[in-house]
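Structure, as structure tokens:
The values are calculated or read from the model by the stated rules, or taken from the named source; none is laboratory data. Keep in mind the model is a prediction, meaning the values are calculated, not measured. Counting neighbours? That spans all protein chains shown, and the Cβs are built from the backbone with ideal geometry, glycine included.
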Amino acid sequence: MQWKTITSNLGNTAFSLWSNGRKLLTLAYQSQSDRVYIEAEDGEKRHFKCRNKGLLKNRIVLENEYGTNLGKLKKEGSREFILIDGKKYYLNFLNNKEVEIIAEDAQEPLTVCSLDLENPTTEAKKGLLMVLCYYLLGHPQKSEQPAMAV
């Protein structure tokens, strides 16, 4: 898989996720509001919020349209991981442009992703990896049914 920087004719920068010559996702990031707009290959359109959260603003979190946490980036010693639905997905940076995503209970990586980006910030790289993890897992979301009293 590979993230590439694309530029629209309006001058806006967006990113696209490619796998075997097929575009899977298009992602546009609006830095003023920390909003991430995504359009999947199947036509699904969503927006998320990827932002720093916490007392010292030292955690990067991914929230859905309603403000529910979907995932967070954490550090354990010198290793970074993305936490989604209580499972850890470790990030193993092979070089400046490639990263392996490895589930905590697996020996082999889920995927190796190339970050073919123009002047990426650390936050942009980590946000793209969080969205990739979320979509690799089939974008799981806990459905909490409200209890109704009769």
Of the residues in segment 59-71, those that are free of Cβ contacts under 8 Å to residues at least 60 places away in the same chain and either at positive phi or touching a helix residue (DSSP H, G or I) at 6+ places or on another chain (Cβ under 9 Å) (or both) number 2
Counted residues in segment 77-100 being in contact (Cβ under 8 Å) with a residue 40 or more places away in the chain and in contact with an Asp or Glu (Cβ under 6 Å, 6 or more places away or on another chain) come to 0
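Could you look through segment 46-60, keep only residues that are basic (Lys, Arg) and part of a strand (DSSP E or B), and pick out the one that is surrounded by the fewest Cβ atoms within 10 Å (Cβ to Cβ)?
Among residues in segment 46-60 that are basic (Lys, Arg) and part of a strand (DSSP E or B), the one surrounded by the fewest Cβ atoms within 10 Å (Cβ to Cβ) is 46.
Report yes if residue 74 is of a type outside the set (Gly, Ala, Ser) and without any contact (Cβ under 8 Å) to a residue 12 or more places away in the chain, otherwise no.
Values: of a type outside the set (Gly, Ala, Ser): yes; without any contact (Cβ under 8 Å) to a residue 12 or more places away in the chain: no.
Spelling it out, it is not the case that residue 74 is of a type outside the set (Gly, Ala, Ser) and without any contact (Cβ under 8 Å) to a residue 12 or more places away in the chain.
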Among the residues of segment 26-70 satisfying the criterion of being touching a Phe, Trp or Tyr at 6+ places or on another chain (Cβ under 9 Å) and of a type in the set (Val, Ile, Thr), which is nearest to residue 80 (Cα to Cα)?
-> 36
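Give me the residue from segment 14-45 that is surrounded by fewer than 15 Cβ atoms within 10 Å (Cβ to Cβ) and at pLDDT below 80 and, out of that set, farthest from the chain's Cα centre (by Cα).
Step one: list which residues in segment 14-45 are surrounded by fewer than 15 Cβ atoms within 10 Å (Cβ to Cβ), which gives 19-23, 30-33, 37, 41-45.
Then keep just the ones that are at pLDDT below 80; that gives 30-33.
On the way: 30: 15, 31: 15, 32: 18, 33: 17 Å.
Top of the filtered list is 32.
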